[in-house]
Amino acid sequence: SPTADRSLVDSYTPAILSRNLFTHFNIKVAPRLTWVDRPDHPWRKVITPLAQHSRCLGLSILSVAAAHLSFTSSNILPAANATQSINHRLRDASLHKLNQKINTELANYHSTTDLPARDSTLIEIIATTLVLCYGEMLIPGSTDWNLHLHACRVLIERYTWRNRHNERPNPAIDFIIREVADIEVFRNIGAFSIEQPFIADTLRPHSLLDDYFHTF
């Protein structure tokens, strides 16, 4: 009975929606974010597992999936409006959680304790910002992706400086640097600027140069 089981329906609906959006991201959105799609691509192998344990990253992935659905279902107005509304709510929720994480990071700026956990949180923040950047790129007329891109650079520089003496590579941060470099190439094709140098010239370039296809 819809009336008697309303609370049960309400509790399961968000879970079903989240599962469907997460599946849509892995099947439909992730292939659009890579040159060559493979089952073991880092969007699935690195970022998706992080999202299982990160509320802000998980919400940002769901918002990108909703944004993509809104764009691809634009010929069906009610469906497009519904997914657009869902996208806005998920994006705002992700930004709220992200701000909480950033405030925690800033509060511990001078702390030298528990660095591995702090690095994990910082990677979570960077990954969320990157996903939000892609989400804004899916929205026609949005310029907020450039703001998120700048934030990615600042956050990567922060992580790189903190780990400047650490020789062990981190798959997540190396992949994120590649993605940010790709977006910067896209930005530089459409705009001429003498701002900061290309991120690959200043941030751990070896993580980019070990793959000749990606370098090309």
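Just a few scattered comments:
- Scanning segment 131-145 for residues that are open to solvent by less than 60 Å² (accessible area, probe 1.4 Å), touching a Cys at 6+ places or on another chain (Cβ under 9 Å) and more than 17 Å from W43 (Cα to Cα) yields a total of 1.
- Filter result (at pLDDT below 85 and under 21 Å from A117 (Cβ atoms)) within segment 162-188: R162, N163, R164, H165, N166, E167, R168, P169, N170, P171
- Hey, H150 at pLDDT 55 or above and in a helix (DSSP H, G or I) or not: yes
- Any hit, segment 190-209, residues being within 21 Å of L50 (Cβ to Cβ), assigned to a helix (DSSP H, G or I) and at pLDDT 80 or above: no
- Considering the conditions (1) touching an Asp or Glu at 6+ places or on another chain (Cβ under 7 Å); (2) modelled with pLDDT of 90 or more; (3) open to solvent by 10 Å² or more (accessible area, probe 1.4 Å), T121 is excluded by exactly one of them, (2).
- For segment 156-187, the set of residues classified as polar (S, T, N, Q) and free of Cβ contacts under 8 Å to residues at least 12 places away in the same chain consists of N166 only.
- Looking across N26, N20, one residue alone is modelled with pLDDT of 85 or more and within 30 Å of V154 (Cα to Cα). It is N26.
The values are calculated or read from the model by the stated rules, or taken from the named source; none is laboratory data. For clarity, every value in this text was computed on a predicted model and none was experimentally measured. Cβ sites come from the backbone with ideal geometry, for glycine too, and all protein chains shown count toward neighbours. Note: accessible area is taken over every heavy atom of the protein model, side chains too, but ligands, DNA and RNA are not part of it. Shrake-Rupley method; radii C 1.70, N 1.55, O 1.52, S 1.80 Å.
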